[in-house]
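Worksheet: the structure to be examined is printed underneath.
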Amino acid sequence: MTGRQDAKGKRALFETPPIEIEDSLRDEPLVERHETDGHEAVYSAGHHENGTSVIACSTCDVRTRVTHVELAVRILALSLWIPGRSYSRHMQCPACQTRTWCKVEWMG
């Protein structure tokens, strides 16, 4: 390729000297598994966190952790509550964004 420009940049692929990439995982300790790894992680909202609640959707079967403030906004934004039902609140699901029946789990 003498005298011509390398318009496509192919020379850079073959003329760059190899560099050694640092393996950051080599020196880190092993990560402990929690009970929410794998199957449990898919069907749970995780560990309890203060100031949060969990909204379980009857349509998409997803449990989403939200703050109490976000939950209050969702409840006040045109929701319907029928006590005694498993999924007692008709509100917008935070996961699938559809208006459907949801269950609210107050966590404190």
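Looking for whichever is closer than 25 Å to CYS102 by Cα, surrounded by 13 or more Cβ atoms within 10 Å (Cβ to Cβ), at pLDDT 65 or above and among the polar types (S, T, N, Q) here; the options are THR36, THR52, THR67. Which one fits?
Result of the check over THR36, THR52, THR67: THR52.
Could you list, in sequence order, all residues of the stretch 76-108 that are closer than 14 Å to THR59 by Cβ and either part of a loop (DSSP other than H, G, I, E, B) or among the basic types (Lys, Arg) (or both)?
Scanning the stretch 76-108 gives SER86, TYR87, ARG89, CYS93, PRO94, ALA95, CYS96, GLN97, THR98, ARG99, LYS103.
Taking GLY3, is it loosely packed, with under 10 Cβ neighbours inside 10 Å and modelled with pLDDT under 80?
Judged against the criteria, GLY3 is a match.
Of the residues that make up the stretch 20-28, is at least one of a type in the set (Lys, Arg) and either closer than 30 Å to THR100 by Cβ or at pLDDT 65 or above (or both)?
no
The values are calculated or read from the model by the stated rules, or taken from the named source; none is laboratory data. These figures come from a predicted structure and were not determined experimentally. Neighbour counts run over all protein chains shown; Cβ positions are idealised from the backbone, glycine included.
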